[in-house]
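Data block below; observations after.
The values are calculated or read from the model by the stated rules, or taken from the named source; none is laboratory data. Not measured: the values here are computed from a predicted model. Every residue, glycine among them, receives a Cβ derived from its backbone with ideal geometry; neighbour counts consider all protein chains shown.
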Amino acid sequence: MKASNRLWELWQCRDEADAARRCADALVLLLRERLDTQTRVSLFLSGGKSPAAVFDLLAHAVLDWSRVDVFLVDERFALEQPADQNIGMVRQHLRHHEATHAHFHDVLTAPTLEGCVEQANALTAHIHQPDIVLLGMGLDGHTASLFPDSSDFATAMKSTQHYVAVHPAAAPHPRISMSFPWLSQARALLLFIPGADKWRAFQHFVVEEQGTSPLHPLLKTLGASATVIATGGESP
């Protein structure tokens, strides 16, 4: 398959628990490496249900969390529905034990979507490269909130802004998302895709290069800076 010539690394795990453990261990290693050479480290996390087990494990890591700034890769603009917001899940599963000392940054800081995007860009203006990014993947091929079916997809794929507004055609709520160019600047990126369904989607969009997904060009751009952590199949 075409991905046999890939530069990114693939870890096939025994099951979802093993994948969560290996993902958490990888994040801890990356954080410690960055903390050894930097005053502060930026950690960008995806929401949704998949990474909850990763965050539960990561929260116990013994490191200098006071020098870690935690940002969201994307967020649902759901001011009236806090249960749908990614920040709530991240805080619930990560903001305890050792990780309580991290600095958590919300992007829902204005009454309008445009205002939230503007303030998110101002918040991260000093960050030239995201240090560590954890992404997931939807069965439709989206990552972050870069939905191929959104009217904003082309803009989000080339915007010079750190964050952009996205209006998915099928998924609920408008979104605030890291832009493709800024994701492409990540010093280290982990793609966490547990489960057979997500593995099949990854095979379709990335390995076989079928359909439209931001993940294929993103992994191609990042090369050795990207690691894919998966279950549900054999390495291609």
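Give the number of residues within segment 164-194 that are surrounded by fewer than 17 Cβ atoms within 10 Å (Cβ to Cβ) and under 15 Å from Gly48 (Cα atoms).
1
Which one of these does Lys158 not meet: (1) part of a helix (DSSP H, G or I); (2) under 30 Å from Leu113 (Cα atoms)?
Failed condition: (1).
I'm trying to understand the selection: among the residues of segment 114-139, which are surrounded by 15 or more Cβ atoms within 10 Å (Cβ to Cβ) and either touching an Asp or Glu at 6+ places or on another chain (Cβ under 7 Å) or outside any loop (DSSP other than H, G, I, E, B) (or both)?
Scanning segment 114-139 gives Cys116, Val117, Glu118, Gln119, Ala120, Asn121, Leu123, Ile132, Val133, Leu134, Leu135.
Need the failing condition index for Leu222 against (1) closer than 30 Å to Pro82 by Cβ; (2) among the aliphatic types (A, V, I, L, M); (3) touching a strand residue (DSSP E or B) at 6+ places or on another chain (Cβ under 9 Å), just the number.
It is condition (1) that Leu222 fails.
When you scan segment 1-16, do you find a residue that is under 30 Å from Asp197 (Cβ atoms), buried (at least 20 other Cβ atoms within 10 Å of the Cβ), of a type in the set (Lys, Arg) and in contact with an Asp or Glu (Cβ under 9 Å, 6 or more places away or on another chain), even just one?
There is no residue in segment 1-16 that is under 30 Å from Asp197 (Cβ atoms), buried (at least 20 other Cβ atoms within 10 Å of the Cβ), of a type in the set (Lys, Arg) and in contact with an Asp or Glu (Cβ under 9 Å, 6 or more places away or on another chain).
Looking at segment 191-218, I want the residues that are touching a residue at least 60 places away in the same chain (Cβ under 8 Å) and have a partner that is surrounded by 14 or more Cβ atoms within 10 Å (Cβ to Cβ) and of a type in the set (Asp, Glu) with Cβ atoms under 8 Å, at least 6 apart or on another chain. Which pairs are those?
Going by the 8 Å Cβ cut-off, the qualifying pairs are Pro194/Glu16; Gly195/Glu16; Ala201/Asp140.
Tally the residues that are basic (Lys, Arg) and closer than 21 Å to Leu108 by Cα, restricting the search to segment 38-64.
Qualifying residue count, segment 38-64: 1.
If we scan segment 68-80, do we find a residue that is of a type in the set (A, V, I, L, M) and within 17 Å of Val28 (Cβ to Cβ)?
The answer is yes; a qualifying residue exists.
Quick grid of which residues meet (1) over 23 Å from Ser225 (Cβ atoms); (2) in contact with a helix residue (DSSP H, G or I) (Cβ under 6 Å, 6 or more places away or on another chain); (3) modelled with pLDDT of 95 or more:
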residue: Val107; (1), (2), (3): yes, yes, no
residue: Cys116; (1), (2), (3): yes, no, yes
residue: Leu123; (1), (2), (3): yes, no, yes
residue: Ser159; (1), (2), (3): no, no, yes
residue: His162; (1), (2), (3): no, yes, yes
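Under 8 Å between Cβ atoms, which residue pairs at least 6 apart in sequence (or on different chains) link something in segment 103-121 that is in contact (Cβ under 8 Å) with a residue 12 or more places away in the chain with a partner that is of a type in the set (Ser, Thr, Tyr)?
Pairs that qualify, where the first residue is in contact (Cβ under 8 Å) with a residue 12 or more places away in the chain and the partner is of a type in the set (Ser, Thr, Tyr), are His103/Ser66; Val107/Tyr163; Cys116/Thr109; Val117/Tyr163; Gln119/Thr109; Ala120/Thr109; Ala120/Tyr163; Asn121/Tyr163.
Of the conditions (1) over 14 Å from Val73 (Cβ atoms); (2) at pLDDT below 95, Gly138 satisfies every one except a single condition; which number is it?
If we test Gly138 against (1) over 14 Å from Val73 (Cβ atoms); (2) at pLDDT below 95, just (1) comes out false.
From Asp106, Asp69, grab the single residue that is in contact with a Lys or Arg (Cβ under 8 Å, 6 or more places away or on another chain) and under 19 Å from Trp182 (Cβ atoms).
Asp69
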